[in-house]
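The values are calculated or read from the model by the stated rules, or taken from the named source; none is laboratory data. Please read these numbers as outputs of a predicted model, since none were measured by experiment. When we count neighbours, we look across all protein chains shown, and the Cβ atoms used for this are built from the backbone with ideal geometry, even at glycine. Each accessible area value is taken on the protein alone, full model and side chains, heavy atoms only, with ligands, DNA and RNA left out. Shrake-Rupley method; radii C 1.70, N 1.55, O 1.52, S 1.80 Å.
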Amino acid sequence: MWLKKGLLSAFASLMILGISQPAMAAEMEPARDYGGGTQTKLSEFLPISLQSQLVMWVLHNNLSPTDGLQVTYNYARVTINVPTSFYIDITQTSADGFSIPNVTYAVFKENGSNNVGWNVSGNGYHRRYFVQEAGTYFLGYYNNGPGNVNISANVFVE
């Protein structure tokens with residue numbers, strides 16, 4: 001599996017603004033990233049003002065076009081009780097330094113519709129805004145090629 005066994009136990013559920021989310025970033029255990037390195041705690045690079053707004057995040061290095069659809073269903077979901085505004089901050093870079101990343105990101109509703117998604121092309125930072133109705137959601141992403149890509153995606157409550 002992509003994550004250390006202990007990461008699942010590091011997620012606690014708490015209610016903030018009607019949202020059930022993982023433990024605050026400062027309480028999360030360091031996670032092994034998908035590229036074989038180690039990731040620092042989120043609290044070390046997120047401003048304190050954003051830590052309470054973070055509801056889902058993913059870091060995936062060397063995502064290959066042959067990896068297929070990747071989802072956070074088993075380790076990062078958010079439940080909302082009222083329509084809520086979100087934004088996703090995406091940083092993606094070509095792993096080989098030459099190809100132009102082309103990744104599709106989607107927010108899926110568990111057992112339902114109202115999915116939203118974006119095709120994001122190019123190296124660097126990208127931000128997308130969206131509103132979701134009540135329900136439980138998780139993040140999905142897919143590398144459309146041509147080369148491997150490193151991605152970091154963070155979903156925040158607006």
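Does Gly117 satisfy being under 16 Å from the mean Cα position of the chain (by Cα) and open to solvent by less than 70 Å² (accessible area, probe 1.4 Å)? In short, yes. Across segment 72-103, which residue is nearest to Met56 (Cα to Cα) among those that are open to solvent by 50 Å² or more (accessible area, probe 1.4 Å) and of a type in the set (Val, Ile, Thr)? Here the residue is Thr91. Going residue by residue through segment 53-66, is there one that turns out to be open to solvent by 20 Å² or more (accessible area, probe 1.4 Å), over 11 Å from Val149 (Cα atoms), out of contact with any Ser or Thr (no Cβ under 7 Å at 6 or more places or on another chain) and at pLDDT 90 or above? Within segment 53-66, one or more residues are open to solvent by 20 Å² or more (accessible area, probe 1.4 Å), over 11 Å from Val149 (Cα atoms), out of contact with any Ser or Thr (no Cβ under 7 Å at 6 or more places or on another chain) and at pLDDT 90 or above.
Against the criterion of being free of Cβ contacts under 8 Å to residues at least 40 places away in the same chain and either open to solvent by less than 20 Å² (accessible area, probe 1.4 Å) or of a type outside the set (D, E, K, R) (or both), Gly145 does not qualify. With respect to (1) under 17 Å from the mean Cα position of the chain (by Cα); (2) surrounded by fewer than 19 Cβ atoms within 10 Å (Cβ to Cβ), the lone exception for Glu133 is condition (1). Kindly evaluate Thr93 against the criterion of being assigned to a strand (DSSP E or B), of a type in the set (Ser, Thr, Tyr) and free of Cβ contacts under 8 Å to residues at least 60 places away in the same chain. Answer is yes for this residue.
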